[in-house]
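The values are calculated or read from the model by the stated rules, or taken from the named source; none is laboratory data. From a predicted model like this one, the values you see are computed outputs, not experimental measurements. Using ideal geometry, Cβ is built from the backbone for each residue, glycine included, and neighbour counts are taken over all protein chains shown. Surface accessibility is based on the protein's heavy atoms, side chains included, excluding ligands, DNA and RNA. Shrake-Rupley method; radii C 1.70, N 1.55, O 1.52, S 1.80 Å.
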Amino acid sequence: MFITRLLSGIVLVAGAVAAILAGSLPVFAVTFAISIIGLYEYYRAVGIAKTGPAVIGYLTCVCYYAILFAGRQDLTMFLVISALMVMMAVYVLTFPRYHITKIAEASVGIIYPGIMLSYLWMTRTMPDGVVLVWLIFLSSWGCDTLAYCSGLLFGKHKLAPVLSPKKTIEGAVGGTVGAAVLGLIFALAMGQFIRESEGAVFACTCACGIGALISQIGDLTASGIKRNYEIKDYGTLIPGHGGVLDRFDSMVFTAPAIYFALLFLVSTGG
């Protein structure tokens, strides 16, 4: 199992490197695929994968990426509200076929993981995005690894004892601080490739720390959904890891966190 997980991890990292270096369009395509697959896995977990509300969710996600590609992000709120209205129409016109909780779950799926993962591509399209997008991976996967090590070495106090008994407060702190340090090292090493380099060290360090902290919420959220619906994994697509959401659960939260952190830190001049 360890070898399988390791090899899958190497393939994922290699794929990420290839896509990001290849340009914005490959990142867009990969992000879109991950979002759609992740949305399907989420809908399957909550038991609505092949229902009317789920179809509306899939179509909304496709339309969202279409307006992103067209550069019309200003239509996002219109799209989300329209999708909710259509779902409510299905709810009332087919009543009592769908319980309101299923409509709510379908609506949540449009945001999680549909829209939230798109910030991976949006970060790639920022100025210096070909460099800065790596902060998402550093804060997400770096935090995951460092939190595990910190928890193993120093963990005494449970973070969420019912939801995830093995996670500790010490591990969470170690993962967050460790990711911030990774961001600092990254900025020092890659600063020469960042055109807007003024304040890059501060921005990368803070963004990685913020992303790492929020990534742990993403990890626990995915665990909570699995416990609610009594499933072990979201799928079997990635050998040794499970489904897309099993591997990218924290990144769903990290991608928008890094994007907005960088947007704020850069706009305020670090």
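With only alpha-carbon atoms in the gyration tensor, what are the semi-axes of the equivalent ellipsoid for the stretch 69-217, in Å, largest first? Intermediate results must be reported in sequence, preceding the final value.
Details: eigenvalues 255, 133, 13 Å².
They are 36, 26, 8 Å, listed from largest to smallest.
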- Note on the structure: For the stretch 1-158, inverting the pair-averaged 1/r of distinct alpha-carbon atoms gives a Kirkwood value in Å of 17.7
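Report the Rg/Rh value for the stretch 141-193, based on alpha-carbon coordinates and the Kirkwood definition of Rh.
We get a ratio of 1.15 for the stretch 141-193.
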- Sum of -39500 (n - 2.57) over DSSP H runs of 4+, divided by residues of the chain (222 nm, nearest 500): -23500 deg cm²/dmol
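Looking at the stretch 183-262, which trypsin sites (Lys or Arg not before Pro) are in a loop (DSSP not H, G, I, E or B) and have at most 10 other Cβ atoms within 10 Å?
Details: sites: R195, K226, R227, K232, R247; in loops: R195, K232.
Counting only loop positions with at most 10 other Cβ atoms within 10 Å, the trypsin sites (Lys or Arg not before Pro) in the stretch 183-262 are R195, K232.
How many Å² of accessible area per residue for the chain, probe 1.4 Å? Before the final figure, lay out the partial values.
Values: 13410 Å² over 270 residues.
Dividing the accessible area of the chain by its residue count gives 50 Å².
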- Message: Cut-off 10 angstrom, C-alpha nodes, Gaussian network model of the chain. Which of G142, G240, G171 fluctuates the most?
- Response: G240
- Note on the structure: So the number of lysine pairs in the chain with alpha-carbon atoms under 28 angstrom apart, 8 or more residues apart or on different chains, is 17
- Query: What list of whole percents do you get for P(r) of the stretch 203-270, with Cα-Cα distances grouped in 5 Å bins up to the one holding the largest distance?
  - Reply: 4, 18, 21, 18, 14, 11, 8, 5, 2, 0
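Tell me the trypsin sites (Lys or Arg not before Pro) within the stretch 1-81 that lie in a loop according to DSSP and have at most 10 other beta-carbon atoms within 10 Å.
Values: sites: R5, R44, K50, R72; in loops: K50, R72.
Loop-located and lightly packed - K50.
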- Specify the residue with the greatest mean-square fluctuation among A66, A212, A19, computed from a Gaussian network of the chain linking alpha-carbon atoms under 10 Å apart. A66
- Would you list the membrane-span-like helices of the chain, meaning whole DSSP H runs whose alpha-carbon atoms span at least 24 Å along their axis and whose mean Kyte-Doolittle value is at least 1.6? 2-22, 52-69, 76-93, 169-190
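Using the Cα gyration tensor of the stretch 126-165, with a ≥ b ≥ c the square roots of its eigenvalues, what is the shape: rounded (a/c below 1.5), prolate (a/b larger than b/c) or oblate (neither)?
Values: a/c = 5.14, a/b = 2.68, b/c = 1.92.
Judged from the Cα gyration tensor, the stretch 126-165 comes out prolate (a/c at least 1.5, a/b above b/c).
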